[in-house]
1. Can you name the residue in region 263-278 that is of a type outside the set (G, A, S) and either farther than 27 Å from R180 by Cβ or touching a Cys at 6+ places or on another chain (Cβ under 8 Å) (or both) and is also surrounded by the fewest Cβ atoms within 10 Å (Cβ to Cβ) among such residues?
2. Residues A103, A114, A80: which one is out of contact with any Gly (no Cβ under 6 Å at 6 or more places or on another chain) and surrounded by fewer than 13 Cβ atoms within 10 Å (Cβ to Cβ)?
3. Taking interchain pairs and intrachain pairs at least six residues apart, which have beta carbon atoms under 6 angstrom, with the first residue in region 119-135 and without any contact (Cβ under 8 Å) to a residue 12 or more places away in the chain and more than 15 Å from L170 (Cα to Cα) and the second surrounded by fewer than 21 Cβ atoms within 10 Å (Cβ to Cβ) and hydroxyl-bearing (S, T, Y)?
4. Looking at region 92-113, which of the residues that are among the β-branched types (V, I, T) and under 11 Å from V48 (Cα atoms) is modelled with the highest pLDDT?
5. Do we have any residue at all in region 192-209 that's of a type in the set (S, T, Y) and crowded, with 22+ Cβ neighbours inside 10 Å?
6. Cβ-Cβ below 7 Å, separation at least six or inter-chain, first residue in region 138-167 and within 24 Å of K227 (Cα to Cα) and part of a strand (DSSP E or B), second among the aromatic types (F, W, Y) and at pLDDT 95 or above: which pairs?
7. Scan (1) surrounded by fewer than 20 Cβ atoms within 10 Å (Cβ to Cβ); (2) within 30 Å of G43 (Cα to Cα); (3) of a type outside the set (S, T, N, Q) for the single condition E260 breaks and write down its number.
8. Does any residue of region 218-235 turn out to be among the aromatic types (F, W, Y), under 17 Å from the mean Cα position of the chain (by Cα) and either crowded, with 17+ Cβ neighbours inside 10 Å or over 19 Å from Y135 (Cα atoms) (or both)?
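The values are calculated or read from the model by the stated rules, or taken from the named source; none is laboratory data. Since the structure is predicted, the reported quantities are computational estimates derived from the model, not experimental observations. Backbone-built Cβ (ideal geometry, glycine too); neighbour counts: all protein chains shown.
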Amino acid sequence: MASVIISVQNAATFSRVAGRAVPRRLPVVKVRAASSAASGLEGYKVLVAGATGGSGKEVVAALAAKNVPVRALVRDTSKAGSEGLAGLGSGTELVRGDVFQFASLPPAMEDCTAVICCTGARDPRDPLGPFNVDYQGTLNLIAAAKQKGVRQFVLISSIGADDLLNPLNLFWGVLFWKKRAEEELQRSGLTYTIVRPGGLKTKLGQGEVAGNIVMGAPGTFGIPPAKKSGSILRSQVADVCVAALTEPAAANKVVEVIAEKDAPSKPLGELFAGVNWF
């Protein structure tokens, strides 16, 4: 059951004084959502890049559910509003910007403490998409984050980024460019967490179960002899990204995540702590 915080507000009621009714103020209990302090995210303000994509929407929603102020980076604010981002509460702010245009990024990061990058090339007909979006666009975000003194950077990448022969690289080298962006983030000096999910699902199919999150070090899943890569809900990836902001064991790690129905349920902090590499 979700936690709640009880606040007290005054409301008008009446009492009898000298035989007549007079208004007085009595406390009335009001229930509201748990604050960001309860999740360790008090003081955070997070820029979400790629906020209108499938994973980006889930990250924005996960942060909003914890009452964390969110600045959603979008190229078209009117389109983003129609897609539901504007309806996530007063703490969600739409800001116009483009990862291709560096000048638009530092102003968008003003007062932000963290960046979660959910961008990814979408058009399979564009041979420059992976280079422009997954590599150059991420580099622009990293440079802007350094310029504005952002504390943390969480990047959604992909299982298979280390494997040059992965079939997904037939899509204009998409994993190759994701890997190059990972390396730039690791060299940046920012505190980072790189999250590599398996196959992304927006929702479950008929008869499917979500399963529990399984987390491993780089190269855990992929082409044999690595373990077979599975899938994971975008909402579960969002939970991993948000947890990475406050879990000490997530700092400066690359983690691969899938979901398995027979896996034990473990706290995300324990999963991060269980990943040891290099």
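1. P264
2. Within the list A103, A114, A80, the selection yields A103.
3. none
4. Here the residue is V95.
5. yes
6. Listed by first residue and then by second, the contacts come to L155/Y192.
7. (2)
8. no
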